[in-house]
Amino acid sequence: MRREVMNRKELEEQLAGIDITLPPPAKEPQRQYYFIKKLRGFAEEKKKELGRPLYANITTFGCQMNARDSEKIAGILQMIGYQETDAEEADFVLYNTCTVRENANLKVYGRLGQLKRVKKENPHMVIALCGCMMQEKTVVDKIKKSYRNVDIIFGTHNLFKLAELLAAKVFDRPESKKMIIDVWDGEAEIVEELPNERKYAFKSGINIMFGCNNFCSYCIVPYVRGRERSREPEDILTEIRRMVQDGVVEVMLLGQNVNSYGKNLKEPISFAQLLERVEQIDGLKRIRFMTSHPKDLSDELIAVMGRSEKICKQLHLPLQSGSSRLLRLMNRHYTKEDYLCLVEKIRKAVPDISLTTDIIVGFPGETDEDFEETMSVVEQVRYDSAFTFIYSRRTGTPAAQMENQVPEEIVKKRFDRLLERVQEIAAEKTQKEAGTVQEVLVEEVSEKDPSLVTGRTSQNYLVHFPGSPELIGKLVNVTLQESKGFYFVGEQIKA
Ligand code: SAH
Ligand code: SF4
Ligand code: F3S
């Protein structure tokens, strides 16, 4: 974990101007600065008492959105004085949860069960839960009933309030067993200017929008993340510029459907226009984005991708199903033919683009014919990689009410067949890249062999090659010598 916050100096100036002997200000983010400053005093006292800093452990489930949210949480905790640790017996333990599929929920309950014993041994431990699962009332009810050791629960709309909630716990009711629960139903204002702590010094995710308006019939995200809200382009550009000053060379623009970015702003702007402005930031070398809904991928965007020097040659374009009949039931607003036509256009504009996707198997009513349609798209598009999911019934979504839920054995068979084929194609495709020279952004020392470093190409292929840690964060040219399935072994071309 990187220790420095990108605009730390400015944040410190803000904090210096706050008087904690007065009542907290009502305005955000000043209100949160007030609680951060108050908690600092608490952290310092504890440090003296324990002879060590306070430790925090954050576990993140789910997508890139949650990963980015956890960086914000880490930033707030770090400003208070917590040091991050891998140990789950930390003083502050937080699970940032996901509820997109049932098994994401089960993992969290499993962890909470294990923590019961740990907390008995360390009663001062504070356990907090946040993220998408907490937006579901049934989940919060279950935790209230069965996991009494949890101290704080908050949701996706008020993550910025972490310091305030933690202050309520440690100052107002340190001994109380009553849970602090603060989950908001509706989306809130976007609070800018809070600290965050990036996982990597040289690359970062950045939210360009929050929420989703698409209501795909199987998906719970719109219910737990609220309606779509775009950030102001100037806020995004300022944040990226600051990141670049601080050493970032690659950004990943994040949204559930980046292609509809900016439509609801007072002064509307398209995603393609935003990309063009991001492209102009000096010092920024690479741009990625996620996720693109096929229904909103415009010709304007394809053209920008075709001529951009910085946008990586990679596009994640979730298919979900190859059957136009199922796509209609899924509320996806495109047909198999529309999708294939889009792929053709993109490949024409960016011939060496790497395409990846998400596919759901076993959506209610999926017949053998529907599944064959999915297989046929996989054969035609030949994805560089694909995330395949077994349909998971999410209470509250329209698909959960649909009849004809597909029997488990049938789904499993289809899933195995799809996965095998997806992997075969991916292996064939990577095989073809062997021998080429590619620019690699070096990310870390290899876990398996410290004489190697690993990095990613523009197409997002993983490469291991001999090199020293000084290369981390640098772009270097590497010959991809051999494909090992999920990664390449390469050799750096020295200038
Ligand atoms: N906004 C993104 C992704 C959101 S969730 C998009 O539209 O592509 C990531 C993936 O989880 C989805 O693409 C979908 O393939 C999968 N998913 C969502 N709900 C699911 C469910 N109920 N069962 C199985 N997979 C699901
Ligand atoms: Fe879910 Fe569809 Fe929104 Fe993606 S676009 S988050 S799949 S509702
Ligand atoms: Fe999961 Fe929430 Fe992301 S449900 S996939 S963490 S938006």
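Observations on the structure shown:
- Verdict on Arg111 being over 24 Å from Pro195 (Cα atoms), surrounded by fewer than 19 Cβ atoms within 10 Å (Cβ to Cβ) and under 17 Å from the mean Cα position of the chain (by Cα): no
- Counting the residues of region 205-221 that are within 12 Å of ligand 3 (Cβ to nearest atom), of a type in the set (A, V, I, L, M) and part of a loop (DSSP other than H, G, I, E, B) gives 1.
- Residue selection: Ile80 satisfies the criterion of being more than 14 Å from ligand 3 (Cβ to nearest atom), crowded, with 17+ Cβ neighbours inside 10 Å, closer than 21 Å to Leu165 by Cβ and aliphatic (A, V, I, L, M).
- Scanning region 248-260 for residues that are more than 16 Å from ligand 1 (Cβ to nearest atom) and either at pLDDT below 95 or touching a helix residue (DSSP H, G or I) at 6+ places or on another chain (Cβ under 6 Å) (or both) gives a single hit, Val251.
- Any hit, region 367-375, residues being in contact (Cβ under 8 Å) with a residue 60 or more places away in the chain, more than 16 Å from ligand 2 (Cβ to nearest atom) and part of a loop (DSSP other than H, G, I, E, B): no
- Just one residue in the set Ile73, Ile80 is among the aliphatic types (A, V, I, L, M), in contact with a Cys (Cβ under 8 Å, 6 or more places away or on another chain) and away from ligand 2 (no atom under 16 Å from the Cβ); that residue is Ile73.
- Residue within region 99-119 that is within 16 Å of ligand 1 (Cβ to nearest atom) and within 22 Å of Ile180 (Cα to Cα) present: yes
- Those residues of region 381-423 which are at pLDDT below 95 and among the charged types (D, E, K, R), in sequence order: Glu403
- Listed here are the helices (runs of 4 or more DSSP H) enclosed by region 84-183 that have at least 2 residues being within 29 Å of Glu45 (Cα to Cα): 102-121, 162-167.
- Number of the exception - Lys137 against (1) away from ligand 2 (no atom under 16 Å from the Cβ); (2) of a type in the set (D, E, K, R); (3) over 17 Å from Val183 (Cβ atoms): (3)
- Residue match in region 205-225 (condition: buried (at least 17 other Cβ atoms within 10 Å of the Cβ) and away from ligand 1 (no atom under 16 Å from the Cβ)): yes
- Top-ranked residue of region 182-209 - restricted to ones that are farther than 21 Å from Ala26 by Cβ and in contact with a Leu (Cβ under 9 Å, 6 or more places away or on another chain), ranked as nearest to ligand 2 (Cβ to nearest atom): Met209
- Just so you know, in region 272-308 the residues that are acidic (Asp, Glu) and within 21 Å of Leu475 (Cα to Cα) include one that is nearest to the chain's Cα centre (by Cα), and it is Glu279.
- Residue ID - nearest to ligand 3 (Cβ to nearest atom), chosen from residues in region 376-397 that are crowded, with 16+ Cβ neighbours inside 10 Å and assigned to a loop (DSSP other than H, G, I, E, B): Arg394
- Subset of region 148-164 that is touching a Phe, Trp or Tyr at 6+ places or on another chain (Cβ under 6 Å) and either surrounded by fewer than 20 Cβ atoms within 10 Å (Cβ to Cβ) or among the aliphatic types (A, V, I, L, M) (or both) - its residue that is farthest from Arg31 (Cα to Cα): Asn158
- You will find that of Ser292, Ser321, the residue that is touching a Lys or Arg at 6+ places or on another chain (Cβ under 9 Å) and buried (at least 20 other Cβ atoms within 10 Å of the Cβ) is Ser321 and no other.
The values are calculated or read from the model by the stated rules, or taken from the named source; none is laboratory data. Quantities reported herein were computed from a predicted structural model and do not represent experimental measurements. So basically every Cβ, Gly included, is an ideal-geometry build from the backbone, and we count neighbours across all protein chains shown.
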